[in-house]
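Have a look at the structure below before the remarks.
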Amino acid sequence: MTTTLFDIHLSPESRLDSVDLNNPVFGSVFSDHQFRMDFADGRWSAGAIEPYGDLVMSPAAMVLHYGQAIFEGMKVFRQPDGEVALFRPMENIRRFNESAERMCMPSVDEGLFLSALTELVKTDKNWVPDGNESSLYVRPFMFASEAHVGVKPSANYRFMIFSCPVGAYYKGNVKVKVETAFTRAAPGGTGYAKAAGNYAASLKPTAMAREQGYDQILWTDAVEHKYIEESGTMNVMFVMDGKLVSPSLGDTVLAGVTRDSVLRLAAQKGMEIEERKVPVAELKAAAESGALTEAFGVGTAATMTAIETIGFASGDRDLPPVEGWRWMPDLAKSLDDIRRGRGEDIFGWRVVL
């Protein structure tokens, strides 16, 4: 079985019967197939869909030494009629190539990327779970594969896509700590790219925060630690004085697809929106005065996660009970209804396969 773009080699036996799609654990079970394409001699190979399996690489593969690796996160949702749909895939594809440019890696043709993505999802369509908290998480990624020890851009790369059925990323609301010692991203760095090293650098401060009883971190700027930037691996938003406030984008903040979707939905609902610097001092004062009524992280994996407590240097501040929130529950429902085909897709975000 072939297409005009790449070969498809089906797995001789599916592992689906051994998986409980009603209770998928995030990131632990993987679908039957993967897409693979290699870059060498200045061009990409034809690429192929093949059975999911381990990689073989040289110990001198440059990704292992110099960290040239990027990735994306996307989701596929089961529709009421049984079909499946991607959510805004072109936004992820464009961001992937922006990350590639920053990391001195080759871009992937957008049309080829979308074709590989959709064909892979169609091949493993039966792996898309059907549940209010469930979806098929899709992970495109690229890494430097040249066997060479020496600091330079790799000459060879591998681009791959695999998927896994998932449930909710977070179980319930989260408690976060304002981080003022460690840094996620600095001006001129790779913070706006989905580079693997960004996440590696976050592990130690996040582990330290968890030892202190928090679930995640509110990252602050690298220069003064005076402004909120992101929340763990998510963008972050606050409802203050009835306005939806989100830290403005820049080279230290990832341009999240879910972030953009929530902002556009909020604007469509008539909510006043501010994208700007958010001082830690302002957030603390708003939490103490009651002007801060809602806070939540937004991202592909977590979707929208309520923040119930914020830890400042002077102590924790609890937000009002989530059950009484006005905006986040409404925005979350509207977004989910679009993704799962239960509501009108006025923005044209859903791509049904």
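The values are calculated or read from the model by the stated rules, or taken from the named source; none is laboratory data. Because the structure is predicted, anything quoted here is derived from the model rather than measured. Every residue, glycine among them, receives a Cβ derived from its backbone with ideal geometry; neighbour counts consider all protein chains shown. When the accessible area is computed, the model is the full protein with side chains, heavy atoms only, and any ligands, DNA or RNA have been set aside. Shrake-Rupley method; radii C 1.70, N 1.55, O 1.52, S 1.80 Å.
Points to keep in mind about this one:
- Ranked by the mean number of other Cβ atoms within 10 Å per residue, highest first, peptides 328-335, 30-37, 126-133 order as 30-37, 328-335, 126-133.
- Note that the stretch 99-114 has calculated 3J(HN,Hα) couplings of 5, 4, 4, 5, 8, 6, 10, x, 7, 10, 3, 4, x, 5, 4, 5 Hz, one per residue in order, obtained from phi through the Karplus relation 6.51 cos²θ - 1.76 cosθ + 1.60 (θ = phi - 60°); glycine and proline are x.
- Placed amide H near Asn156: partners under 5 Å, 5+ positions off or other chain: Ser145, Glu146
- Computed label-point distance, nm, for sites Ser45 and Glu344 using a 7 Å Cα→Cβ extension: 4.9 nm
- Built amide H within the under 5 Å cut-off of Glu294, gap 5+: Val239
- Carbon + sulfur, % of accessible area of the chain - ligands and nucleic acids excluded, 1.4 Å: 50 percent
- Residue-by-residue Karplus 3J(HN,Hα) for the stretch 136-152, coefficients 6.51, -1.76, 1.60, Hz, glycine and proline x: 9, 7, 10, 10, x, 7, 9, 9, 6, 10, 5, 8, 7, 10, x, 7, 6
- From phi via Karplus (6.51, -1.76, 1.60), per-residue ³J(HN,Hα) for the stretch 180-185 in Hz, x at Gly/Pro: 10, 10, 8, 10, 7, 8
- Working note: 222 nm ellipticity from helices only, DSSP H runs with n ≥ 4, each -39,500 (n - 2.57), summed and divided by the residues of the chain, gives -7500 deg cm²/dmol to the nearest 500.
- Computed over the Cα atoms of the stretch 91-144, pair by distinct pair, the Kirkwood hydrodynamic radius stands at 12.7 angstrom.
- The distance linking the stretch 270-287 with the stretch 135-176 is 32 Å (Cα centroid to Cα centroid, whole angstrom).
- Estimated FRET transfer efficiency (Gln212, Asp7; beta-carbon r; R0 56 Å; 0.05): 0.65
- Remark: the chain carries 44 Å² of accessible area per residue (probe radius 1.4 Å; ligands, DNA and RNA excluded).
- A Förster distance of 51 Å, applied to the separation of the beta-carbon atoms of Asn173 and Leu64, puts the FRET efficiency at 0.85.
- Highest mean first, the peptides 83-90, 136-143, 108-115 sorted by other C-beta atoms within 10 Å per residue fall in the order 136-143, 83-90, 108-115.
- Sequence-separation-based contact order of the stretch 18-153, relative, with Cα cut under 8 Å and 6+ spacing, percent: 34 percent
- The stretch 24-161 - Rg (one decimal) and Dmax (whole number), Cα, Å: 15.8, 53
- Antiparallel DSSP beta bridges within the chain, percent to nearest 5: 80 percent
- Percentage relative contact order, the chain, counting C-alpha pairs under 8 Å, at least six apart: 18 percent
- P(r) tail fraction, the chain - alpha-carbon pairs more than 25 Å apart, %: 56 percent
- Scanning residues 5 or more positions from Val84 or on other chains, those with amide H under 5 Å from its amide H are Gln79, Leu353, with H placed 1.01 Å from N in the peptide plane.
- Net lengthening on full extension, Ser28/Ala281 (0.36 nm per residue, minus Cα-Cα): 87.1 nm
- Lys, Arg +1 and Asp, Glu -1 on Cβ, resulting dipole of the chain about Cα centre, debye, nearest 20: 340 debye
- R0 of 35 Å, Cβ-Cβ distance Asp38-Leu203: FRET efficiency to nearest 0.05: 0.75
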